[in-house]
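All remarks here apply to the structure that follows.
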Amino acid sequence: MTDRIISIVAALIRDDQGRVLLVRKRHTAAFMQPGGKRDAGESDIAALSREVAEELGCCVDQNSARALGVFECAAANEPGYRVRAAVYAVNVEGAIEPHAEIEQVVWINPQAVHNIALAPLTRDHVLPLVT
């Protein structure tokens with residue numbers, strides 16, 4: 001059986017200390033970048049802005065968006081699926097709090113050893129971009 005692909009956009013959000021923001025969805029173990037699936041006809045940046053607002057209650061500074069690449073790997077929470085993620089570094093404005101399906105947000109040092117479960121996209125592709 002061939003893996004099925006979930007096409008998403010994901011945000012790399014850093015703070016002034018260089019830490020990376022990760023989220024964990026309700027009833028899951030792995031931390032990952034905020035983001036999600038595009039709606040029909042939606043651009044990457046529009047989808048990312050919508051997802052970040054829904055998940056974190058803050059706004060993406062659309063002028064700050066910088067494409068980091070498209071990466072494919074095993075999906076963290078859907079066995080037999082792969083994610084194909086267009087990843088963008090973005091700045092956000094406003095308070096960051098978990099909303100919608102997000103249960104927890106954390107800031108991590110990308111150079112530190114992590115004692116939390118990381119999604120394959122985060123572990124294998126995103127964090128190496130900032131370490």
Using DSSP, restrict attention to beta bridges with both residues in the chain and report what percent are antiparallel, rounded to the nearest 5.
70 percent
So what is the 222 nm mean residue ellipticity for the chain from helices alone, if each DSSP H run of at least 4 adds -39500 (n - 2.57) and you divide by all residues, rounding to the nearest 500 deg cm²/dmol?
-3500 deg cm²/dmol
The chain: relative contact order in percent, alpha carbon pairs under 8 Å with at least 6 residues between
33 percent
With a cap of 10 neighbouring Cβ atoms within 10 Å, and only residues DSSP puts in a loop, list the trypsin sites (Lys or Arg not before Pro) found in segment 16-115.
26
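Can you tell me how much longer the chain between residue 113 and residue 97 gets when fully stretched, taken as 0.36 nm per residue apart minus their C-alpha distance, in nm with one decimal? Spell out each step's value before the answer.
Details: separation 16, 0.36 × 16 = 5.76 nm, distance 2.46 nm.
My answer for the length gained is 3.3 nm.
Classify the chain as rounded, prolate or oblate from the Cα gyration tensor: take a ≥ b ≥ c as the square roots of its eigenvalues, call it rounded if a/c is under 1.5, otherwise prolate when a/b beats b/c and oblate if not. Spell out each step's value before the answer.
Details: a/c = 1.36, a/b = 1.11, b/c = 1.23.
Because its axes are fairly even, with a/c under 1.5, the chain counts as rounded.
In debye to the nearest 20, how big a dipole does the chain give about its Cα centre with +1 on each Lys and Arg Cβ and -1 on each Asp and Glu Cβ? All intermediate terms of the calculation are to be shown ahead of the outcome.
Numbers: 13 positive and 17 negative charges, 76 e Å.
For the chain, the charge dipole is close to 360 debye.
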Rounded to whole Hz, the Karplus (6.51, -1.76, 1.60) HN-Hα couplings of segment 88-97, x for glycine and proline
10, 7, 9, 9, 10, 10, x, 5, 9, 9
Taking the alpha-carbon centroid of each part, what is the distance from segment 96-131 to segment 1-70 in angstrom?
12 Å
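The numbers here are math on the coordinates, done by the rules we state, and not lab data. Note that the structure is a prediction, hence the values are computed from the model and not measured. Cβ: placed from backbone, ideal geometry, glycine included. Neighbour counts: every protein chain shown.
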